[in-house]
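In what follows, a single structure is set out as structure tokens and then discussed.
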Amino acid sequence: MEHAQIVGWAHTKFGKSETPGLEGLMAEVVPAALDHAGLGAEDVDGIFVGVFNNGFSPQAFEGALVGMAMDGLRNVPAARLENACATGSAALYAAMDFIAAGRGKVALVVGAEKMTAVPTSRAGDIMLSGCYRAEEDQVEAGFAGIFGKIAQTYFQENGDHSEELAMISAKNHRNGLLNPYAHMQKDFGVAFCNTVSDKNPLVAGPLRRTDCSLISDGAAAIVVAAPEVAETLNRAIAFRARNQVNDVLALSRRDVTEFRGARGAWKASLEEAGLTLDDLDMVETHDCFTIAELLEYEAMGLAERGQGGRVIRDGVTTRDGKLPVNPSGGLKSRGHPLGATGVSQHVMAAMQLAGEAGDMQLDNVQLAGVFNMGGAAVANYVSILERVK
């Protein structure tokens with residue numbers, strides 16, 4: 001099976017947006033993505049929308065909002081998908097399945113979230129729905145509390161790695177300075193990130209504020225097309241591989257520091273692509289919390305279990321390292337509007353492959369990996385991308 005290819009994209013700046021709702025955020029990226037692809041609304045056969053919502057907005061039925069955002073799309077079949085923090089990748093993969101099934105030749109993928117319109121406490125409760133509420137509902141500090149417990153367990157098993165987490169945070173914030181779409185464009189430095197203070201308090205367990213991604217608004221869109229259509233357009237980013245591997249939702253039923261599903265998704269995609277990590281030129285990974293990026297180093301195979309700290313200490317994942325990770329600044333700096341994140345990660349990788357990443361651009365990017373997860377490594381997506389045109 002030939003995978004559909006990315007032929008165009010658009011991205012809003014992430015952060016606290018003055019745009020009042022999802023419809024407006026979508027309107028900022030839908031026409032721009034089609035224009036970037038060199039296609040019109042009449043060329044789109046299906047629309048796939050990723051929005052988590054679950055209380056961020058009273059407006060549901062978000063798939064229909066794209067037809068409101070651009071009148072020419074009003075009659076195109078549209079559907080909304082949700083898969084926690086991997087909602088954007090779920091929408092993208094559904095669009096690719098649609099094309100692979102022969103239902104259409106061109107699909108539009110839109111990921112969006114408006115998170116800042118509700119109080120922070122309410123946002124925390126909404127995000128906790130990405131956990132198993134029957135057992136984890138009373139965890140303090142919401143989703144940060146879940147990852148605080150994961151970090152605490154990791155430290156108990158492997159020693160205190162607070163400084164390595166601070167190094168990951170500082171790396172991603174430093175990278176975010178180069179990203180015009182990033183929510184927070186500020187270089188904090190390792191010392192600040194590693195010091196508990198009034199400006200950087202503990203949030204949950206050993207995690208400090210600088211270890212936690214931001215509550216953000218934003219949208220991103222991707223146009224995917226069948227290979228024979230992509231050949232006729234200006235650019236084409238192909239999927240050498242794409243795989244989803246799930247793990248059980250309840251933390252009580254698994255080893256929380258293993259990220260087994262993430263490991264499985266990386267293994268499946270590297271095998272499908274016929275590659276090893278050494279072949280990749282960059283990775284965009286899901287650093288919702290710094291402990292997540294550290295555990296993802298181990299899951300992707302950069303280090304053995306318990307040794308992820310060595311990866312950042314050795315500079316492997318910096319911009320000038322052997323395998324740059326999150327040259328966009330990642331979720332930590334770029335922001336994490338839930339439904340938009342998976343789409344955004346694929347846009348950031350596609351920009352690098354197309355040589356269209358501006359100040360973020362790395363040298364000679366031929367192959368890129370993307371890892372997006374829903375929940376605490378429950379729904380795990382890994383894509384391997386390369387430019388073919």
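Descriptive notes on the structure:
- Ordering 211-218, 175-182 by mean Cβ neighbour count within 10 Å, with the highest value first, yields 211-218, 175-182.
- Length gained on full extension, residue 316 to residue 68, computed as 0.36 nm times the residue gap minus the Cα-Cα distance: 84.8 nm.
- As a proxy for reagent exposure, ranking 57, 328 by other Cβ atoms within 10 Å from fewest up yields 57, 328.
- Between residue 304 and residue 198, the modelled label-to-label distance comes to 4.6 nm, taking each label 7 Å out from Cα in the direction of the beta carbon.
- Signed unit charges on C-beta, dipole axis of segment 223-334, positive-most listed residue 238, 324, 295: 295
- Restraint check, 171/267; 16/186; 149/267; 149/199; 13/332, Cα-Cα greater than 18 Å: 171/267; 149/267; 149/199
- A simple packing score, the average count of other Cβ atoms within 10 Å per residue, orders the peptides 166-173, 199-206 as 166-173, 199-206, with the highest score first.
- The average projected area of the chain, computed from the convex hull of its Cα atoms over all directions, is 16.9 nm².
- Nearest 10 degrees, 0 to 90: helix 162-176 Cα axis against the chain principal axis: 30
- Legend: translational diffusion of segment 224-309 by Stokes-Einstein, Rh = Kirkwood radius over C-alpha pairs, 10 °C, 1.306 mPa s; D = 107 µm²/s.
- Signed unit charges on C-beta, dipole axis of segment 32-86, positive-most listed residue 84, 32, 66: 84
- Cα-based Rg of segment 160-217 normalised by 2.2 N^0.38 Å, two decimals: 1.09
- Placed amide H near residue 203: partners under 5 Å, 5+ positions off or other chain: 208, 209
- Viscosity 1.567 mPa s, temperature 4 °C, Stokes-Einstein D of segment 293-389 from Kirkwood C-alpha radius, µm²/s: 91
- Student exercise, segment 265-382 dipole from Lys, Arg, Asp, Glu Cβ charges, in Debye to nearest 20: 360
- Modelled this way, with points 7 Å down the Cα-to-C-beta line, the labels at residue 248 and residue 54 are 2.0 nm from one another.
- Acute angle (nearest 10 degrees) that the helix 338-354 long axis makes with the longest principal axis of the chain, alpha-carbon atoms: 70
- The amide H of residue 287, built 1.01 Å from its N in the peptide plane, has 331, 332 as neighbours under 5 Å, considering only residues 5 or more places off or on other chains.
- Cα-Cα separations in segment 1-160 greater than 18 Å, expressed as whole percent: 64
- Relative to the longest principal axis of the Cα atoms of the chain, the long axis of helix 260-273 lies at roughly 50 degrees.
- Dipole moment magnitude, nearest 20 debye, the chain about Cα centre, only Lys, Arg, Asp, Glu C-beta charged: 360
- Sequence-ordered 3J(HN,Hα) estimates for segment 219-224 from the Karplus curve with 6.51, -1.76 and 1.60 and θ = phi - 60° stand at 8, 9, 9, 9, 9, 10 Hz, glycine and proline given as x.
- Ranked packing of 297-303, 113-119, most packed first, by mean Cβ within 10 Å: 297-303, 113-119
- In this structure, the amide hydrogen of residue 80, modeled 1.01 Å from its nitrogen in the peptide plane, lies closer than 5 angstrom to those of 49, 63, counting only residues at least 5 positions away or on a different chain.
- Couplings for segment 52-68, taken from phi via the Karplus curve 6.51 cos²θ - 1.76 cosθ + 1.60 with θ = phi - 60°, read 6, 6, 6, x, 5, 9, x, 7, 9, 6, 5, x, 6, 6, 5, x, 7 Hz in order; Gly and Pro are left as x.
- A helix-only calculation puts the chain at -10500 deg cm²/dmol for mean residue ellipticity at 222 nm, using -39500 (n - 2.57) for each DSSP H run of at least four residues, averaged over all residues.
- Taking only the Cα atoms of segment 103-227, the radius of gyration and Dmax are 17.8, 55 Å.
- You can think of it this way: the chain between residue 278 and residue 363 has 29.0 nm of extra reach, that is 0.36 nm per residue less the Cα-Cα gap.
- Using θ = phi - 60° and Karplus 6.51 cos²θ - 1.76 cosθ + 1.60, couplings along segment 195-204 (whole Hz; Gly, Pro as x): 10, 6, 8, 4, 8, 9, x, 5, 10, 7
- Taken over the Cα atoms of segment 90-131, the convex hull encloses 76 Å³ per residue.
Where a number appears in this text, it was derived from the coordinates with a stated rule and is not lab data. From a predicted model like this one, the values you see are computed outputs, not experimental measurements. Here the Cβ is made from the backbone with ideal geometry for all residues, glycine too, and neighbour counts use every protein chain on show.
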